[in-house]
2 protein chains.
Amino acid sequence: MSLIDQLVEGFARLPGIGPKTAQRLVFHLMKESPDEARRLARAIKDVADHIRPCSRCGNFTEHDLCAVCSDGRRDATVLCVVEEAYEVSAIEHTASYRGLYHVLGGRLSPLDGVGPEELRVAALLARVRDSNGAVREVIIATNTSVEGEATAVYLQGALRPLGPKVTRLAQGIPIGSDLEYVDGSTLAEALSGRREM
Amino acid sequence: MSLIDQLVEGFARLPGIGPKTAQRLVFHLMKESPDEARRLARAIKDVADHIRPCSRCGNFTEHDLCAVCSDGRRDATVLCVVEEAYEVSAIEHTASYRGLYHVLGGRLSPLDGVGPEELRVAALLARVRDSNGAVREVIIATNTSVEGEATAVYLQGALRPLGPKVTRLAQGIPIGSDLEYVDGSTLAEALSGRREM
């Protein structure tokens, strides 16, 4: 296989990139200066070589602790539990959360053979237990899929004996959407979770 | 800037990839095994280091001559002139052309400062001239944009004194499209270029 075909195949393995797009990317890189392509190759290699999970929360980092965990100004009394490390950056972008995180590394999915042992559940429980009451709230921010909900219920049961308040992200109507386009289960959830104004 | 942000920015510089998609690609690479990412980095670097224009036709190649030029079974009496090297593979995929190619490296565009000297026009004329009549037909396959058409007309004028027949790709209704959805200028072109059945 030629070098070009190898690279097309490499790009096409990425999510959301089909063979046509992969070819366009390769031709773009070949049209640009080779330095531009080498820079991209170097950036990919750097990430592969140096990015690893934060030893405390599982977020991506170049160091032992991630930027959030090593920031002394964060509120250590609140933990936000997410499925994947990239969800941390989604929450960080809102700039409305000042606590710490815990990355599970997935969700419970018995059919796929993913139980609590496959996730960073024990590390979460140990973090809460070893804080001796310092962690006062755990926000479960797993997805609203069936597996995400099941994971949330499981974590709630496991965390309750340890003392912290366990909360779940609010579910309801997304900001800016029309009622008539919101699906039924979201609308039902929004109704049952209505708040006094 | 963190290594992750650097890579997101690198991906986002590629055509058709916005910041959101770039982030998704980076997270995918981090979730995959680092070896997978290193393989992609290596493939990009290999292409940047080893792919260059064919010394005869300008097509992409790892060697001095491209696969088409070094294939003795190709019909050397016909040259197909394209704007960009990636258009060669589009024509090759049709499996209905057995001649050779010539890549211009762009199209005439006086407003952007692209004249015949910026393209591989002199090389094309030299190829035809030095063939001593062996090149009997030059197919102009520049795009149907205004610049592509102007380039085709310019090349026709430059090639005519050298003797070969100069042809242009047929313009008309794409296979499988409905007449009512075809734009007016394409329909007019298809009418004026109608063929006896």
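Taken together, the values in this text are just the output of simple stated rules run on the coordinates, not laboratory data. What you see is a predicted model; the values in this text were computed from it and never measured. We place every Cβ from the backbone using ideal geometry, glycine too, and count neighbours over all the protein chains shown.
Data overview
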quantity: Cβ-vector label at 7 Å, A:Ser131, separations to other copies in nm; calculated: 7.6
quantity: Protection proxy ranking of A:126-139, B:55-68 - average other beta-carbon atoms within 10 Å, highest first; calculated: B:55-68, A:126-139
quantity: Tail weight of P(r) past 42 Å, computed on alpha-carbon pairs of the protein assembly as shown, percent; calculated: 37
quantity: Using alpha carbons only: equivalent-ellipsoid semi-axes of chain A, gyration tensor based, whole Å; calculated: 37, 24, 17
quantity: Average beta carbon contacts from partner chains per residue of B:80-92, 10 Å cutoff; calculated: 2
quantity: Per-copy distances of the B:Glu9 label point, shortest first, in nm (7 angstrom along Cα→Cβ); calculated: 3.3
quantity: Closest-to-axis residue of chain A (Cβ criterion, axis taking A to B), whole Å; calculated: A:Ala41, 2
quantity: Unit charges at the beta carbon, dipole of the protein assembly as shown: most positive-side option, A:Val82, A:Gly148, B:Gly105; calculated: B:Gly105
quantity: Peptides A:119-125, B:157-163 ordered by average Cβ neighbours within 10 Å, highest first; calculated: A:119-125, B:157-163
quantity: Cα long-axis angle, helix A:146-159 against chain A (0 to 90 degrees, to the nearest 10); calculated: 50
quantity: Mean separation of Cα contacts under 8 Å, 6 or more apart, over the residue count of chain B: relative contact order %; calculated: 13
